[in-house]
Amino acid sequence: MFRRIVIALFMLTACLVVAYQVDAQQAPSAGAQPPGARGRGPSVPTPPPLFFKETWRITGAPHAIAPGEAVVTNPNLEFKMYGPSATASDPDKRIWISGPPGPVNIWTGMCTTPFAATLRDKDNYVDLTGLAKVRWTTRASGFHAVRPLIKLMDGTFLVGDHADASTTTFLESEFTFAGLRWMKIDIDRVVTVGRYGPLGEASNWADTPDLSKVDEVGFVDLIPGSGHGSGGYVNVASFEVDGTPVKRGGGH
């Protein structure tokens with residue numbers, strides 16, 4: 001009888017050991033990935049498509065841009081100019097289109113006031129959230145700099161704290177909208193405006209804007225031009241925006 005009990009206990013122990021080993025082989029180790037998940041890693045945001053690219057159109061020699069003049073190559077884009085120099089009666093005080101030699105570009109050298117310009121897609125707003133970005137070819141003279149400008153759905157104009165100021169030659173560069181800080185701009189005078197901040201704080205950064213439906217995208221030169229020759233101006237040649245189109249009056 002005693003012998004039978006010993007044998008039964010031995011067989012039960014053996015079965016338990018085998019079962020434990022099977023469970024240990026089948027159970028995933030700590031931190032192990034489920035089947036099919038190996039190599040996936042964290043999700044990466046998808047870059048948006050090219051929303052537009054503009055390289056400008058020039059007819060004849062460099063000249064002041066006349067109101068309504070067709071200076072865009074994309075028929076679905078509208079070119080808009082802002083500031084007193086945009087409508088100056090004297091052509092030599094307005095914005096110019098220039099080149100060649102060199103790439104065709106918008107030139108602010110003759111502007112006697114700060115100047116802003118934008119491009120507006122006739123059919124779509126643009127979603128500039130996520131990895132949306134600008135890629136442009138620019139040049140500057142003196143302490144001038146090219147800064148991004150946007151117009152929101154409610155008509156608010158904002159200038160971003162990114163600046164490009166290559167003084168040697170035309171330089172292609174790019175930046176994302178994510179992380180930019182913004183200041184409101186009085187588009188009639190093309191000057192930054194805001195409210196009083198904490199004591200000693202004079203930056204007047206605007207509240208974080210909603211960039212999911214932007215009406216216009218462009219650039220601003222916040223300093224008047226110095227005239228012909230080097231001194232003070234900006235050039236903006238090719239201008240690209242990567243962003244998701246959003247139908248005007250509708251959704252994506």
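Return the ratio Rg/(2.2 N^0.38 Å) for region 210-252, where Rg is computed over Cα atoms only.
Relative to the 2.2 N^0.38 Å estimate, region 210-252 comes out at 1.76.
In terms of modelled amide H atoms, which long-range or inter-chain residues lie less than 5 Å from the amide H of Phe51?
Val241, Asp242, Gly243
Amide H to amide H, which residues 5 or more places from Arg57 or on other chains are under 5 Å from it, using H placed in the peptide plane?
Val72, Thr73
If amide H atoms are built 1.01 Å from N in the plane of the peptide, which residues on other chains or at least 5 residues away come under 5 Å of the amide H of Glu216?
Here Lys151 satisfy the definition.
Could you give the length gained by full extension between Ala165 and Val193, i.e. 0.36 nm per residue of separation minus their alpha carbon distance, to one decimal place? Walk me through the numbers on the way to the answer.
Values: separation 28, 0.36 × 28 = 10.08 nm, distance 2.27 nm.
Gain in length upon complete extension: 7.8 nm.
By how many nm would the segment from Ser203 to Met153 lengthen if fully extended, with 0.36 nm per residue of separation less the alpha-carbon distance?
15.6 nm
When ligands, DNA and RNA are left out and all protein chains stay put, how many square angstrom of accessible area per residue does region 80-184 have with a 1.4 Å probe?
Ligands and nucleic acids excluded, the result is 41 Å² per residue.
Loop-only chymotrypsin sites (Phe, Trp or Tyr not before Pro) in region 151-236, please: DSSP not H, G, I, E or B, and at most 11 other Cβ atoms within 10 Å.
When the chymotrypsin sites (Phe, Trp or Tyr not before Pro) of region 151-236 are filtered for loop state and at most 11 Cβ neighbours within 10 Å, Tyr196 remain.
Report the full-extension gain for the segment Lys53 to Lys80: residue separation times 0.36 nm, less the Cα-Cα distance, to one decimal in nm. Mind dumping the intermediate values first?
Numbers: separation 27, 0.36 × 27 = 9.72 nm, distance 1.57 nm.
Here the answer is 8.2 nm.
Modelling each spin label as a point 7 Å along the Cα-to-Cβ direction, I'd like the Ala178/Leu131 distance in nm, to one decimal.
If labels sit at Ala178 and Leu131, their model points lie 0.8 nm apart.
Using a 1.4 Å probe on the protein heavy atoms only, what accessible surface does Glu240 show? Give it in Å² to the nearest 10.
Answer for Glu240: close to 20 Å² accessible.
May I ask you to evaluate 6.51 cos²θ - 1.76 cosθ + 1.60, the Karplus curve with θ = phi - 60°, for each residue of region 98-114 and list the ³J(HN,Hα) values in order in whole Hz, giving x for glycine and proline?
9, x, x, x, x, x, 4, 8, 8, 10, 9, x, 8, 5, 8, 9, x
Round to the nearest 10 and report in Å² the accessible area of Asp215, as given by a 1.4 Å probe over the protein chains' heavy atoms.
Accessible surface of Asp215 is approximately 20 Å².
Roll a 1.4 angstrom probe over the protein heavy atoms and tell me the percent of accessible area of region 81-143 that is carbon or sulfur. Don't skip to the answer; put the middle values down first.
On the way: 1270 of 2310 Å².
In region 81-143, the share of accessible area belonging to carbon and sulfur is 55 percent.
Check cross-link reach from Lys122 to the aspartates and glutamates: straight Cα distance under 19 Å, and skip same-chain residues fewer than eight apart.
Glu54, Glu69, Glu78, Asp154, Asp215, Glu216, Glu240, Asp242
How large is log10 of I(q)/I(0) for region 90-133 at q = 0.30, 0.31 Å⁻¹ when the intensity is taken from the Debye formula with one equal scatterer per alpha-carbon?
Results for region 90-133 at q = 0.30, 0.31 Å⁻¹ read -1.04, -1.08.
Using a 1.4 angstrom probe with every protein chain in place, what is the largest-first accessible-area order of Val146, Val72, Val193?
Val193, Val72, Val146
If you wrap region 128-247's Cα atoms in a convex hull and average its projection over all directions, what's the area in nm²?
For region 128-247, the mean projected area of the Cα convex hull comes to 8.5 nm².
Run the quick spin-label model on Phe143 and Val44: label points 7 Å from Cα toward the beta carbon, then report their separation in nm to one decimal.
In this crude spin-label approximation the distance works out to 4.2 nm.
The values are calculated or read from the model by the stated rules, or taken from the named source; none is laboratory data. Bear in mind the structure is a predicted one, so any value in this text is a computation, not a measurement. A quick note on method: Cβ atoms are made from the backbone with ideal geometry, for glycine too, and the neighbour counts reach across all protein chains shown. Heavy atoms of the whole protein, side chains included, go into the accessibility calculation; ligands, DNA and RNA do not. Shrake-Rupley method; radii C 1.70, N 1.55, O 1.52, S 1.80 Å.
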